[in-house]
Amino acid sequence: MDIQIIRAKTLKPKPDQNNLGFGRYFTDHMFLMDYDPENGWHDARIVPYGDLQLSPASAVLHYGAEIFEGMKAYRRPDGQIQLFRPMENFKRLNNSAERITLPEVDPDFVLKALKTLIDLERDWVPSLPGTSLYIRPFLIGTDPFLGLHTLQKALYCVILSPVGSYYKEGLNPVKIMIETEDVRAVRGGTGYAKCGGNYAASNRAGHKAELKGYSQVLWLDGVERKYIEEVGAMNVMFQIGDTIVTPKLTGSVLPGITRKSCVELLQKHGYKVEERLLSVDELKDAMKAGTLKEAWGTGTAAVVSPIGELSYDGEKYTVAGGKIGPLTQWLYDTLTGIQWGKTEDPYGWTEIV
Ligand SMILES: *Cc1c(COP(=O)(O)O)cnc(C)c1O
């Protein structure tokens, strides 16, 4: 399939790289492609960034027919631009599509389309330390009927946003509240799919935690409210004794690419990693016994986010003295070194655009 390119007549001024924030600015162009059962995916095009036109009856607006991805393009010290494991994102996009019956995309084609778009927007990839070009592919059901039916028409879109460093003054440990009422996902549900609906289910707990002075919630499993699943919209890892424990992918946990990369990095460097069920009681015992050494979240936006305090049932536990631990710092430095091309990539994880 060819990609039609319609260039913007005027280009926007670039924002100040010191104050990018997250997802506030968008580049001059976006990628679009339509789907219907007769034509399959068609009309691949790069057009000026702007509003979408949708029927107010569109499935996405009523029944949550939406999935998305989150990835980044990084400016290397030599000025080139690179992606980090992009195929993993497109494979996950298709797994999410299958779960909520949206049409799957051709991973090779959407990667080619992404590279074409980034190439056109080269000047938008920032270069200050910690900054990057955030990439948001998303796929929505556009059938203009209210009747519940198998989804037929869809739109795939990619928008790009230059984003600032997640950390302004070094890695900042966060305070986390263990959520005992709301659940994010259940096995058999959509927890492993990256879909907007999961976020709708999470909003209330996140808001409650914020009001109490916490930055995120730690989610427990939806059936027994016993096993740890994720932290906010990140995967979570704990160093207990000399072992790194992370919840296994039971179907209600999102299979993060940062999670996978951290597990692989730790194993390659000789650490013992266990992907298994971890109960909140086991964690509580480890905190009381002092064997919980470090805890951190993992995700594309923050890369690695150290946890400095955990609150459960009204009790507060300090983790790693409320500071960033040496292993969390090592993971952050090692992973960001590869992502920004500051150190060699021995694993073939990066691709130059
Ligand atoms: C995207 C996401 C993650 C992290 O995935 P990465 O691929 O590492 O960015 C973790 N949990 C949830 C719920 C997510 O949506």
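The values are calculated or read from the model by the stated rules, or taken from the named source; none is laboratory data. Note that the structure is a prediction, hence the values are computed from the model and not measured. Every residue, glycine as well, gets a Cβ built from its backbone with ideal geometry; the counts of neighbours run over all protein chains shown. For accessibility, only protein heavy atoms count, side chains too; no ligands or nucleic acids. Shrake-Rupley method; radii C 1.70, N 1.55, O 1.52, S 1.80 Å.
Details
- When the range 285-302 is limited to residues that are charged (D, E, K, R) and either over 26 Å from the mean Cα position of the chain (by Cα) or buried (at least 20 other Cβ atoms within 10 Å of the Cβ) (or both), the one that is farthest from the ligand (Cβ to nearest atom) turns out to be LYS288.
- So PRO346, is it without any contact (Cβ under 8 Å) to a residue 12 or more places away in the chain and either closer than 30 Å to LEU160 by Cα or open to solvent by less than 60 Å² (accessible area, probe 1.4 Å) (or both): yes
- The listed residues are LEU220, LEU266, and the only one of them that is within 16 Å of the ligand (Cβ to nearest atom), touching a residue at least 12 places away in the same chain (Cβ under 8 Å) and closer than 30 Å to THR343 by Cβ turns out to be LEU266.
- Yes/no for TYR156 being within 19 Å of the chain's Cα centre (by Cα) and part of a loop (DSSP other than H, G, I, E, B): no
- Residue that is open to solvent by 10 Å² or more (accessible area, probe 1.4 Å) and among the small types (Gly, Ala, Ser), where the choices are GLY222, GLY191: GLY222
- Within the range 269-284, the only residue that satisfies the criterion of being under 23 Å from ASN198 (Cβ atoms), away from the ligand (no atom under 16 Å from the Cβ) and free of Cβ contacts under 8 Å to residues at least 40 places away in the same chain is ARG276.
- Complete set of residues in the range 115-144 that are closer than 16 Å to MET33 by Cβ and touching a Phe, Trp or Tyr at 6+ places or on another chain (Cβ under 7 Å): LEU117, ARG136, PRO137, PHE138, LEU139
- For PRO56, the conditions (1) away from the ligand (no atom under 16 Å from the Cβ); (2) under 29 Å from GLY130 (Cβ atoms); (3) open to solvent by 20 Å² or more (accessible area, probe 1.4 Å) are fulfilled apart from (2).
- The residues listed here are SER305, SER311; of these, the one that is within 16 Å of the ligand (Cβ to nearest atom), small (Gly, Ala, Ser), in the same structural domain as ARG225 (by TED's automatic domain parsing) and part of a strand (DSSP E or B) is SER305.
- Taking the range 234-256 as the range and being within 18 Å of THR328 (Cα to Cα), open to solvent by 20 Å² or more (accessible area, probe 1.4 Å) and within 11 Å of the ligand (Cβ to nearest atom) as the test, only MET234 passes.
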